[in-house]
Structure formats: C-alpha cells, structure tokens
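Comments concern the structure below.
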Amino acid sequence: MDNNKVMIVGTGNVGASIAFALINQRTAVNEIILTDIIAKDAEGEAMDLRDALAVAPSYVKISNGTYKDAKDCDVVVITAGAAQKPGESRMDLLKKNVNILKGMIEQIMASGFDGIFLVVTNPMDVLTYYTVKFSGLPAERVIGSGTVLDSARLRARIADYLNVNPKSVHAYQIGEHGDTELTVWSRADLGGQKISEMLPEETRKGISEFVRNEAYAIIEKKGATYYGIATCVAQILNCILNDEMRVLSVSSYDPFSGVCFGFPSVVGRAGVIRRLDIKLSENEGIELQKSINVIKTAIESVKI
C-alpha cells in the first residue's frame with residue numbers, strides 16, 4: 001500500500017502518547033487516524049494534536065475516524081482495552097481484553113484491511129496470538145510490542161552502571177512482557193565485551209529485577225505507563241514503514257512453541273522478516289520455557 005498511513009485504536013494515555021511521539025520526531029508516518037469507542041475522545045485528541053503541527057518537526061495529517069477507515073492503512077496499532085489497575089497483573093486483564101479484541105479485529109478486517117497489526121494492549125503476548133487467530137493474516141504481519149520497552153529499560157539501567165550511552169549497550173529482555181521475562185546476560189555486550197565480565201552477578205540480578213518490576217512501580221506512583229511504550233511503538237512503526245530491517249525484541253508467533261513472545265527479530269516493511277536463532281545458556285533456556293508456559297496457559301484459559 002505504501003501510504004504510510006497508521007490507525008491508532010484507543011485514544012487513552014497510550015494511544016494519544018503514541019500519536020504525540022510520532023508528531024514530535026522526523027517520522028515515516030504521513031497520516032494518523034485515531035479511533036476510540038468514545039468517539040468524541042478521539043476527535044478531541046485529533047484536534048489537540050493538529051494544533052501542534054505548525055511547530056512540529058514533521059507534517060502529519062491527523063484525523064479521527066472509524067474502523068472502516070482501516071481499509072487503506074499500512075499499520076493498525078491496537079492500544080484499546082481495559083486498563084491495568086494498581087495491584088492487578090497483566091494476566092488479570094486477559095478475559096476482558098480478548099473479548100474486546102475479537103470485536104475490534106472483526107470490524108477492522110471487514111473494512112478490507114490488508115496491512116500489519118501492531119498490538120500494544122496487555123496482556124500483549126496473548127493478545128498478539130489472538131490477533132493472528134482472529135485476523136487470519138499471515139503470522140509475520142501481526143507484531144506485538146514485545147519486550148522492546150523492557151529491553152530499553154535494561155539498556156538504560158546497564159548504561160547507568162557503566163557510564164556509557166544506552167545506544168551502545170546490546171542487551172535484550174525476552175519472553176513474556178511481564179513477570180516471567182528474562183535477561184539474556186550470556187549474549188549482552190558493550191562494544192564486543194561481555195557485560196557479564198563487567199558487572200558482578202549480584203548487580204546483574206538487581207538490574208533484571210528492576211527491569212521486571214519498573215512498570216508496577218510507575219503504575220503505583222502515577223497510575224499508568226505511557227511515555228516509554230509510546231516512544232518504543234513510534235520506533236517500531238518507523239522501522240516497519242522505512243523497511244529498516246532492524247533487530248527489535250518484538251513479540252511474534254513462534255511455530256516451535258505455538259505462542260507469541262518477545263525475541264530479537266528482524267523487522268521491516270513486510271513485518272517480522274525472521275526471528276533470530278540466538279544460543280541461550282542452559283539456565284536461560286529453562287527460564288524462557290517457563291515464560292512460554294505461562295503464556296500458553298493464559299491462551300488456553302480463554303474460552304472463545
């Protein structure tokens with residue numbers, strides 16, 4: 001299609017922040033359509049965002065619309081769903097959000113949409129799996145935001161300890177975007193030097209724990225997380241639309257396990273081009289399997 005047209009479904013904190021992140025950078029996106037179950041909220045956000053266009057670094061056409069407008073979109077970003085409340089785990093949201101998702105996907109596909117889905121709503125890995133199922137699209141064209149945000153948190157934390165720019169840190173969180181995600185310390189490096197040789201085990205354990213729990217800390221303090229994920233989603237969108245072929249730890253369907261989870265993958269215009277084959281340590285392999293089992297159990301617990 002190559003219109004570089006993006007629909008954002010859900011104009012709560014996350015959806016609105018994604019649109020805001022896109023207009024505040026040089027972006028590949030030409031047009032943004034906002035849609036929400038509360039139509040006037042989407043309209044209000046579109047009006048507010050348009051007010052920034054005269055001084056924003058990019059000119060992006062912004063409007064509000066309905067699922068019918070997905071017909072000629074390149075990417076539909078799913079952020080709508082019940083919000084995660086303080087003390088509530090991502091999996092607690094599951095049944096509510098799968099039912100909401102089913103209705104959305106059916107209407108979007110009925111428009112004639114033939115692009116890429118980017119799923120952000122939690123529990124994201126489970127909803128990415130169900131988006132593949134409900135949409136009938138090839139699995140590589142359904143992407144979850146995965147552990148891109150978690151990996152960004154990880155790189156920033158490591159960079160603080162080593163006093164370097166986070167962009168120079170190559171390290172990934174993998175697995176479920178949630179309580180069972182894990183750090184691939186065996187493959188983490190800074191300019192080719194293993195980070196496991198630069199930081200003691202106790203420090204690394206502390207970093208992994210911080211990364212896993214930071215979302216809960218933010219939710220407890222301000223009620224929700226949205227700036228970090230919005231910036232990561234903008235990065236994923238630019239990667240897709242520019243055909244950047246970058247490695248991002250997005251969530252996609254893994255035929256070996258039969259579920260979707262975050263893992264370093266090459267991402268471009270066609271979606272997930274390939275998931276990398278990274279050799280994990282024995283312990284990391286065991287931890288990843290535990291994470292996959294949690295996602296699998298959650299998928300199987302939903303009766304559609």
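The values are calculated or read from the model by the stated rules, or taken from the named source; none is laboratory data. If you're wondering where the values come from, they're calculated on a predicted model, not measured in any experiment. Virtual Cβ from ideal backbone geometry, glycine too; neighbours counted across all protein chains shown.
Odds and ends about this structure:
- Hits in region 50-70 (condition: under 21 Å from Ile105 (Cα atoms) and part of a helix (DSSP H, G or I)): Tyr67, Lys68, Asp69, Ala70
- In region 14-28, the residues that are closer than 15 Å to Leu53 by Cβ form Cβ pairs under 8 Å with partners that are among the acidic types (Asp, Glu) and part of a helix (DSSP H, G or I), at six or more places apart or across chains, as follows: Ala19/Glu45.
- Residue within region 108-126 that is surrounded by fewer than 20 Cβ atoms within 10 Å (Cβ to Cβ), over 30 Å from Pro166 (Cβ atoms) and of a type in the set (Val, Ile, Thr) present: no
- Restricting attention to region 52-85, the residues that are touching a residue at least 60 places away in the same chain (Cβ under 8 Å) and hydrophobic (A, V, I, L, M, F, W, C) add up to 8.
- Glu284 satisfies every condition listed in (1) more than 30 Å from Asn13 (Cα to Cα); (2) free of Cβ contacts under 8 Å to residues at least 40 places away in the same chain except (2).
- Selection within region 7-65: residues that are modelled with pLDDT of 95 or more and basic (Lys, Arg). The member of this set that is farthest from Ile236 (Cα to Cα) is Lys40.
- Matching residues, region 125-149, being acidic (Asp, Glu) and either free of Cβ contacts under 8 Å to residues at least 60 places away in the same chain or touching a helix residue (DSSP H, G or I) at 6+ places or on another chain (Cβ under 6 Å) (or both): Asp125
- The residues on offer are Ala70, Ala39, Ala54, Ala82, and the sole one that is of a type in the set (Gly, Ala, Ser) and buried (at least 23 other Cβ atoms within 10 Å of the Cβ) is Ala70.
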